[in-house]
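Input: a single structure, listed below in structure tokens.
What follows is calculated from the coordinates using simple rules that are stated; it is not laboratory data. Just so you know, these numbers come straight off a predicted model, no measurement behind them. Quick reminder, even Gly has a Cβ in these numbers, built from the backbone with ideal geometry, and neighbours come from all protein chains shown.
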Amino acid sequence: MRIETRKLLDKSFSGAGWISVFLMVAALAIILLPIAWRGAGAFVFRATVEHRRMMLELFGVGDPAEVSAETAAAAEARRPIYDMLARFRAELSAMPVADRRRMAGRLAQLENALRDLLGPLPGDPIPVLPRQRYGQTRWDRALKKLETVLFRETWDYSDPTRMGRKVMVPRAEDFKGTSLEPFFADVKMRVADMLRPKLAFYWRFLTDESRDSHFFGGIWPEMLGTIYLTIGAAMFAVPMGIISAVYLTEYAGDDRLTGALRTFIGALAGVPSIVFGLFGLAFFINTMKVSQSKSVLAGSLTLALLILPTIIRASEEAIRAVPAAYKEAALSLGAGKGRTIITVVLPAAMPGILTGIIISMGRAAGETAPIIFTAAVSVGDPLSLLETLSQPTPALPWNVYNMCTEHQKLDELRHVQFGMVLVLVMVVLALNVAAIWLRARISRKLKG
């Protein structure tokens, strides 16, 4: 082949490689940057006085004197609008029956919207659910709830050729000519004084337990459950994976049985993860009875089977990459085969083995399907080590999926959902970075 043609091909392949890298980085940026931006909202946001009051009452965090002073100031700012509501209720009794019924219905809708924004109104009984006990704890959500106070939603079906069109009608028009007409301008003007937003860094999102189905608090049970499942899967899969790889590379011959074993291992690596979940339910829970129902133990065993083929393959390739001279030198000095494997081959192959192990742990941490039937629940308390043998646990991947599909108030909890996704991505990224760092560190030590 001519030199010019080789140079042209080299440049073409190099250019294609750089283009591929650029496209991959761009794809990752498109996917990860929105997650990072919206997930950061779980940690950094403008918190209202309702948030500070909630943190003090539910979690015991904050300065009681300062929160009491802020609550009193917010109550003082709210008093004029509560007085307007009281005066209008008094006016209702003097209205004709038809007008009274119409206005009472409109007033009830307005009061419900105001409860969502500010919490219980004066005279209301103390609600049972924490979500009804407090107003909006985040300023961004408060502004959205303010819209429901100022406007009511209706639908325009005047055009029969098109679907209904949503129309936002100012509520002030519903109370025109009454003492409540200036109420809406007053609420809009006073909303900042009534909620007193301040920039907050909520690092306790990682360490607080959730309250009232993630309306308040953090994701500590989910984080702890993910850690339990990931470490548990590694505890079962790593010894079996390394032993299997040693057998296949050092003891098994190149016969049909060994070829069949490698084929089966490769096939297992391609089995859909939901199949492992169903197998874990049928075998570990229903047949082996490792627990009465879902448990961290059953989930860990299922995830161990999921990542076992990857660990075997990575360990096998790492062992095969050890130079034959290392083994020959050890055997020539009188070491037996087992001693040579333990003291020479495995330490030399450790960078590749660790890389496979940690990447497999990253996969186990992010899997949802295998733990649906074996380990995960939507809500729960943090488990002790002993409880992992018999109790299920919340987990980040499952709770992200569950919130997307089943939570009735997902629009109000997007920050929690994206916060979970961000934490899960960071956990997987940290495991991959750890794999790179360990591989480089051990390689340097082996080279001396």
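The chymotrypsin sites (Phe, Trp or Tyr not before Pro) of the stretch 138-191 that meet both conditions, a loop assignment by DSSP and at most 11 other Cβ atoms within 10 Å of the site Cβ, are TYR157.
In debye, nearest 20: dipole of the chain around its Cα centre with unit charges on the Cβ of K, R (+) and D, E (-)?
Working: 52 positive and 40 negative charges, 200 e Å.
Dipole size: approximately 960 debye.
Our compactness index for the stretch 220-447, the C-alpha radius of gyration over the empirical 2.2 N^0.38 Å, is 1.15. Helices assigned as whole DSSP H runs in the chain whose Cα atoms extend at least 18 Å along their own long axis and whose mean Kyte-Doolittle hydropathy is -1.0 or higher are found at 3-39, 64-92, 97-118, 220-246, 256-269, 296-320, 346-366, 414-447.
Panel order for VAL345, VAL61, VAL296, by other beta carbons found within 10 Å of each beta carbon, from fewest to most: VAL61, VAL345, VAL296. If you run the Gaussian network model on the chain, springs between alpha carbon atoms under 10 Å, then out of LEU180, LEU118, LEU431 the most flexible one is LEU180.
Annotation for the stretch 377-448: trypsin sites (Lys or Arg not before Pro) lying in DSSP loop with at most 15 further Cβ atoms inside 10 Å of their Cβ are LYS409. Listed peptides 96-105, 234-243, 48-57, 76-85 appear in the order 48-57, 234-243, 76-85, 96-105 once ranked by packing, highest mean of other Cβ atoms within 10 Å at the front.
Cut-off is 10 Å between beta-carbons; in what order do ARG171, ARG6 appear when sorted fewest neighbours first?
Numbers: ARG171 21, ARG6 10.
Listing ARG171, ARG6 from fewest to most nearby Cβ atoms yields ARG6, ARG171.
Here, the stretch 307-350 has an Rg and a Dmax of 11.3, 37 Å when only alpha carbons are counted. The simple spin-label model puts a point 7 Å past each Cα toward its Cβ; for ALA72 and GLU387 those points are separated by 4.0 nm.
Working from Cα pairs under 8 Å separated by at least six residues, relative contact order for the chain is 17 percent. If you run the Gaussian network model on the chain, springs between alpha carbon atoms under 10 Å, then out of ASP193, ASP254, ASP159 the most flexible one is ASP159. When each of SER68, SER300, SER291, SER384 is scored by the number of other beta-carbon atoms lying within 10 Å, the sequence from fewest to most is SER384, SER68, SER291, SER300. What you get for the stretch 220-447, charging only the Cβ of Lys and Arg (+1) and of Asp and Glu (-1), is a dipole of about 780 debye around the Cα centre.
Rounded to whole Å, the principal axis extents of the Cα atoms in the chain read 107, 65, 50, largest first.
Dipole of the chain computed with +1 at Lys/Arg Cβ and -1 at Asp/Glu Cβ about the Cα centre; of ALA233, VAL167, ALA29, farthest Cα towards the positive end is ALA29. Distance between the 7 Å Cα→Cβ label points at VAL97 and LEU9: 9.7 nm. Along the charge dipole of the stretch 220-447, which of LEU333, LEU422, VAL246 sits closest to the positive end, that is, farthest toward it, with unit charges on the beta carbon of Lys, Arg, Asp and Glu (+1, +1, -1, -1)? So the residue we want is LEU333.
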